[in-house]
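Each remark here refers to the structure printed beneath this line.
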Amino acid sequence: MSDLTRLSAVEIAGLVASGETSAVEVTQAHLDRIGAVDDRVHAFLHVDTEGALAAARAVDERRAAGDELGPLAGVPVAVKDVLTTKGVPTTVGSKILEGWRPPYDSTIVERLRAAGTVMLGKTNMDEFAMGSSTEYSAYGPTRNPWDTDRIPGGSGGGSAAALAAYEAPLSIGSDTGGSIRQPGAVTGTVGAKPTYGGTSRYGLVAFSSSLDTPGPCARTVLDAALLHEVIGGHDPRDSTSIPAPVPDVVAAARLGATGDLTGVKLGMVTEFIGEGAEPGVMAAFRDAAEALAKLGAEIVEVSCPHFKYALPAYYLIAPSECSSNLARFDGVRFGLRVGDDGNRSLEEVMSLTREAGFGPEVKRRIMIGTYALSSGYYDAYYGQAQKVRTLITRDFTSAFEQVDALISPTTPFVAFPLGSRTADPYQMYLADLFTIPTNLYGGPAISVPCGLSDGLPVGFQIMAPTMADDRMYRIAAALESAVGTLTPPTI
Ligand code: GLN
């Protein structure tokens, strides 16, 4: 393996800026690594070799011309296949978009290009970002580099596995109920969900619009912060984008890395530290919490009594929004069209296309959502879930009157064997027990590796108030300085 693939984004950017290595060399090293391992990992759905090398050459030319390069110029990045990429296939892990080449870049991708990062390709995901294992991808599962018989988390398993397999130093995910943080936790990498509205949804194929949040994935907290800074900030093309500057997450990560948390008060969520999590996960979490206390943080317990209703509320709100959002996949406008032989009605073609194009989990969600929104049931299901959402938000706001941030394990269990939870959807949904409340509230949350349980990574979750993303990075970087990063076994 080339050493270049082992470096952090900060290190790569430094070498490119100083001319010690070229962006083309860095890119080629990562493309070679993908070529060597991705048949075993399957992190990528599409590798854009030509596009990546062209982008790298452009960075090298700008450097040669003496242009000022941004902090991530020349750094390769892998992008979850939920974001549109101009002229580059975008499938959302679904057959229904097979072959679609979007005519435009999502805002996130546009900003990645403007920053001089090099897009390597598109990463595998559960179909339409619905799932926790990447096994619901229509293109076959991604495997966890820590143990290729185990899941890499989901829905953004490809983005996380690409990092852990050293195929990319940075990647982009999207988090609707945990799809950045849970894959980060089970692959021993860092995954941050920004404040809702802090990163643009323009060009993000919609699952649940009031929850969907694109965000950074990396192997270190500082790398994640640098990526967050590049992709974040107001976008007038997204109606829920927050018209405010990105909090200074990079300075916060640097401050946190000094390892001083004096004056910071953290709340362990009572409801998440009792039953629910595996003993090995709890042990690693508690050790890490103790490490934070040694850095000066005061740690107390805070009860959030409505968090236990987050999972059922989410599984009404997210499917309801998805049933509406996915109505646009009708066999007319994008991708797949089935049965259009000139004799069938439009309705028949739509029905055949959706029958063939959507997988079982997506169909399940569309049906649940359609039911929850139907007249006569709306108040009892969707309306009730929205009320629960308000109560969960109140739990957060009252907790943040007592503490600066909340902490918990990211997931109740470590990476599970492929195939072990696909038969029972509820078992799959439980993977997001600890991540979902934050999505319903809208605040930022991050998963940082905090140790191993039975040789598999455990994630530590830090949840902060809305727009306090910088505070979250400070605590995350402090934790990383205390417990270190995890190195996956070589594959
Ligand atoms: N696993 C959750 C779900 O299936 C979360 C997905 C996500 O965050 N995109 O809905």
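The values are calculated or read from the model by the stated rules, or taken from the named source; none is laboratory data. Please read these numbers as outputs of a predicted model, since none were measured by experiment. Virtual Cβ from ideal backbone geometry, glycine too; neighbours counted across all protein chains shown.
Some points to look at:
- All helices (runs of 4 or more DSSP H) inside the range 266-363 with 2 or more residues being within 20 Å of SER408 (Cβ to Cβ) and either of a type outside the set (D, E, K, R) or more than 27 Å from the chain's Cα centre (by Cα) (or both): 270-273, 279-294, 310-325
- Single unsatisfied condition, TYR136 versus (1) touching an Asp or Glu at 6+ places or on another chain (Cβ under 7 Å); (2) under 13 Å from ASP81 (Cα atoms): (2)
- Scanning the range 418-461 for residues that are surrounded by fewer than 17 Cβ atoms within 10 Å (Cβ to Cβ) and polar (S, T, N, Q), we see that the one that is nearest to the ligand (Cβ to nearest atom) is GLN427.
- Residue check, ASP223 within 21 Å of ARG113 (Cβ to Cβ), more than 14 Å from the chain's Cα centre (by Cα) and surrounded by 24 or more Cβ atoms within 10 Å (Cβ to Cβ): yes
- Looking across the range 167-183, the residues that are within 12 Å of the ligand (Cβ to nearest atom) and either surrounded by fewer than 24 Cβ atoms within 10 Å (Cβ to Cβ) or of a type outside the set (D, E, K, R) (or both) come down to GLY173, SER174, THR176, GLY177, GLY178, SER179, ILE180, GLN182, PRO183.
- Residues being within 23 Å of GLY140 (Cβ to Cβ) and aromatic (Phe, Trp, Tyr) - total across the range 158-209: 2
- Close contacts from the range 27-51, counting a first residue that is free of Cβ contacts under 8 Å to residues at least 40 places away in the same chain and a second that is surrounded by fewer than 20 Cβ atoms within 10 Å (Cβ to Cβ), with Cβ to Cβ under 6 Å and a gap of 6+ residues or different chains, come to ALA29/SER2.
- Which listed residue is under 11 Å from the mean Cα position of the chain (by Cα), within 16 Å of the ligand (Cβ to nearest atom), modelled with pLDDT of 95 or more and polar (S, T, N, Q), from THR187, THR213, THR199: THR213
- Filtered residue count, the range 1-14, keeping only those that are under 16 Å from THR117 (Cα atoms) and either of a type in the set (S, T, N, Q) or buried (at least 20 other Cβ atoms within 10 Å of the Cβ) (or both): 7
- Yes/no for VAL302 being under 30 Å from GLY274 (Cα atoms), touching a Leu at 6+ places or on another chain (Cβ under 9 Å), in contact (Cβ under 8 Å) with a residue 24 or more places away in the chain and of a type in the set (Val, Ile, Thr): yes
- Filter pass, THR435 being polar (S, T, N, Q) and either touching a Ser or Thr at 6+ places or on another chain (Cβ under 6 Å) or within 21 Å of LEU222 (Cβ to Cβ) (or both): no
- From the list PRO247, PRO305, the one residue that fits, being crowded, with 20+ Cβ neighbours inside 10 Å, away from the ligand (no atom under 16 Å from the Cβ) and over 27 Å from PHE416 (Cα atoms), is PRO247.
- Exactly one residue out of LEU266, LEU261, LEU295, LEU326 is within 30 Å of GLU355 (Cα to Cα) and aliphatic (A, V, I, L, M): that is LEU326.
- Residue match in the range 124-137 (condition: touching a Lys or Arg at 6+ places or on another chain (Cβ under 7 Å) and either modelled with pLDDT under 95 or away from the ligand (no atom under 12 Å from the Cβ) (or both)): no
- Of the residues making up the range 351-376, those that are among the small types (Gly, Ala, Ser), within 15 Å of the ligand (Cβ to nearest atom) and surrounded by fewer than 21 Cβ atoms within 10 Å (Cβ to Cβ) number 1.
- Within the range 403-422, being assigned to a loop (DSSP other than H, G, I, E, B) and not hydrophobic (A, V, I, L, M, F, W, C) holds for ASP404, THR410, THR411, PRO412, GLY419, SER420, ARG421, THR422.
- If you check SER94, SER106 for being out of contact with any Asp or Glu (no Cβ under 9 Å at 6 or more places or on another chain), farther than 20 Å from VAL448 by Cα, away from the ligand (no atom under 11 Å from the Cβ) and at pLDDT 95 or above, only one passes: SER106.
- Residue check for THR21: over 30 Å from ASP330 (Cα atoms), modelled with pLDDT of 95 or more and of a type in the set (Val, Ile, Thr): yes
- Residues (surrounded by fewer than 24 Cβ atoms within 10 Å (Cβ to Cβ) and among the hydrophobic types (A, V, I, L, M, F, W, C)) located in the range 462-491: MET467, ALA468, ALA482, VAL483, LEU486, ILE491
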